[in-house]
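Below: the structure, in structure tokens.
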Amino acid sequence: MTGVSGNLYWSEISRASLETLAMLGGSLALTILFGLPLGILLFLTSPGQPWASRAASGLLGFAVNLLRAVPFIILLIVMIPLTVLLVGTSLGVLGAIPPLVVGAAPFFARLVETALREVDRSTVQAVQAMGATTRELVLLALLPEALPGIVAGITITAITLVSFTAMAGVVGAGGLGDLAIRFGYQRFQTDVMIVTVVLLLLLVQCLQMMGDRLVRYFSHR
Amino acid sequence: MHRVYKHFGPDQPALAGVDLAVTHGEIFGIIGRSGAGKSTLVRLLNGLERADSGTVIVDGVDMADVSGSALRTLRRRVQMIFQNFGLLSSRTVAQNVALPLRIAGADLAGIDGRVADLLHRVGLIDYAGKYPSQLSGGQKQRVGIARALATAPDILLCDEATSALDPETTASILALIADLNRELGLTIIVITHEMDVVRQLCDRVAVLHNGRVVESGLVSDIFFTPAAQETRALLTDAGADGAMGIAFPGRVVHLALEGEALAEPVLTRIARATGVDFTILASRIGHFRAGSVGQFTLGLSGGDQDAALAALADQGRVRE
Ligand SMILES: Nc1ncnc2c1ncn2[C@@H]1O[C@H](COP(=O)(O)OP(=O)(O)O)[C@@H](O)[C@H]1O
Ligand SMILES: [Mg+2]
């Protein structure tokens, strides 16, 4: 086996790495964009909170649970028509982003909800007792207080997205996962498989380290 | 507050027909065991909870009628401090104190000066840039107090404000609260489960038990002549009822002396006049906000005991 020393492989590997990074970056940004408000809503509509509503909280909770119950590989397939509708293709980096976001946003929303729930109750009451509106409560108290928890949630979500991008590779998204399948699995080039796994591991390590650092930076407890 | 009920579930109500009137400018205590409904009661006063029935009037405003921005405006006049302080860990001391001002929409230019004044007031000006996690419990509560004062409220609610603090720190926080009452004319409502806090700080007190006010009145009256079983139990916990449980074969009376009577040889004078011998079974000088009260538990033997009792009743308060 010629293995990874061939130029072809290195250029393939660097292209695949960039694709993975692009998928990760794009889907993480959109996951935060949709997941954060969803998590705030999940929290605010739960019992005892300012917008407590059995109907709203039940509905949101059900939708989130439904999306989280569907295995990601199934989501990738059933999302194809919708993905084509949204971004014009179900292939490549662009085609991978909608299912990645739909798969990760509900997960991230739950992490946000949990982080908000951890905010000290008397702190919330104190801010309400100052005469804060719900908007002020969220922006001035809940989000800043929950920031370390939310950043930790972003880290976990980013790492989950890394493994999701590898799965998306199977249905033609490209990236390191795709490479591992095509060369490592289908052509028995174990060295390519090993290199991709090592690169994915490096990526996960980096994300975790950065996340931990940020959490420490934001935490004043 | 009139005939106020509050339920959280189908079983035992948290408040069951509470009647209370707090006078402007006084320090009013609400004491009771954990679960008595104290926090629920005090949260009715700033609209964090709503009564199921009955009326709650705060500073002339019926709490059933206010909501939205009227409620938020009222809350600026009724501030609150908490057992576990409720400070924002993500904000510095100065930013914590500034928060109610920002929420009230205060002029940004004036906020820094106001915050500095408030931190001076509570003795924490050197800690402005620190985070709450870098402060001791007593310092955190001082920040809580500075923050509560930021919007110049008329009423301060203290929910177990000293319960997480050691005795020395508690004393300094209570002294600060008393100062605020004197200097700013703040009406203060103090929630506590500790008789000592009531004794040192309050003018009047209500005893809450299972959501009902079982007794209320002047603090020194409640200490000396507790009518309700629950009050006596709270006093016994605090070692403040003067009954130390020494067995005495004869008649036993409780005597409370205040003011000048404390400085005079009351007992020996009455003993000579009536021929009664007094045995001191327990004694205690209590320092109340209104002044000091000496409490004695006396055993009587020989002589004209009825005459002695009448003479004692002339000097102070007597309970058998
Ligand atoms: N939000 C709530 N939901 C359900 N029950 C509550 C709630 N708040 C208080 N209670 C109940 O009401 C009673 C009085 O509570 P509380 O006012 O906190 O008492 P205290 O402050 O005197 O300890 C307790 O039995 C408590 O369990
Ligand atoms: Mg309480």
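Rounded to the nearest whole angstrom, the semi-axes of the ellipsoid equivalent to the range B:2-237, taken from the Cα gyration tensor as √(5λ), stand at 30, 22, 15, largest first. Rounded to the nearest 10 degrees, the inclination of helix A:92-117 to the longest alpha-carbon principal axis of chain A is 30 degrees.
Normalised by the number of residues in the range B:251-319, the mean separation of alpha-carbon contacts (under 8 Å, six or more apart) gives a relative contact order of 47 percent. For chain B, averaging the sequence separation of C-alpha pairs within contact (under 8 Å, six or more residues apart) and dividing by the residue count gives a relative contact order of 18 percent.
For the range A:171-212, the relative contact order works out to 29 percent when only alpha carbon pairs closer than 8 Å and six or more residues apart are counted. Return the loop-located GluC sites (Glu not before Pro) in the range A:104-193 (DSSP other than H, G, I, E, B) with at most 12 other Cβ atoms within 10 Å of their own Cβ; answer none if there are none. Counting only loop positions with at most 12 other Cβ atoms within 10 Å, the GluC sites (Glu not before Pro) in the range A:104-193 are A:118.
With a 10 Å cut-off around each Cβ of B:118-127, the average count of Cβ atoms from other chains is 0. Of the residues making up the range B:60-81, those losing 50 Å² or more of accessible area when the isolated chain is joined by the remaining protein chains, with a 1.4 Å probe, are B:72, B:75. In summary, the convex hull built on the alpha carbon positions of the range B:1-137 has an orientation-averaged projected area of 10.4 nm². Simple rule: put +1 on each Lys or Arg Cβ and -1 on each Asp or Glu Cβ in chain A, find the dipole, and look at A:34, A:129, A:96; the Cα lying farthest toward the positive end is A:129.
Skip the ligands, DNA and RNA, and give the accessible area per residue of the protein assembly as shown with a 1.4 Å probe, whole Å². Provide the component values of the computation, followed by the final result.
Numbers: 24780 Å² over 541 residues.
The answer is 46 Å² per residue.
For the range A:182-200 versus the range B:80-125, the inter-centroid distance based on Cα atoms is 58 Å. Among the chymotrypsin sites (Phe, Trp or Tyr not before Pro) in the range A:1-95, those placed in a DSSP loop whose Cβ has at most 14 other Cβ atoms within 10 Å are A:51. When the Gaussian network model of chain B links Cα atoms closer than 10 Å, the mean-square fluctuations of B:64, B:36, B:14 top out at B:64. Chains A and B together bury roughly 2000 Å² of accessible area, counting both sides, with a 1.4 Å probe on protein heavy atoms only. Normalised by 2.2 N^0.38 Å, where N is the number of residues, the alpha-carbon radius of gyration of the protein assembly as shown equals 1.39. For the segment A:141-152, counting C-beta atoms of other chains within 10 Å of every residue's C-beta and taking the mean gives 2.
The values are calculated or read from the model by the stated rules, or taken from the named source; none is laboratory data. Quick caveat: nothing in here was measured; it's all calculated off a predicted structure. Here Cβ is always computed from backbone atoms with ideal geometry, including for glycine, and neighbour counts include all displayed protein chains. Only protein heavy atoms, including side chains, enter the accessible area calculation; ligands, DNA and RNA are left aside. Shrake-Rupley method; radii C 1.70, N 1.55, O 1.52, S 1.80 Å.
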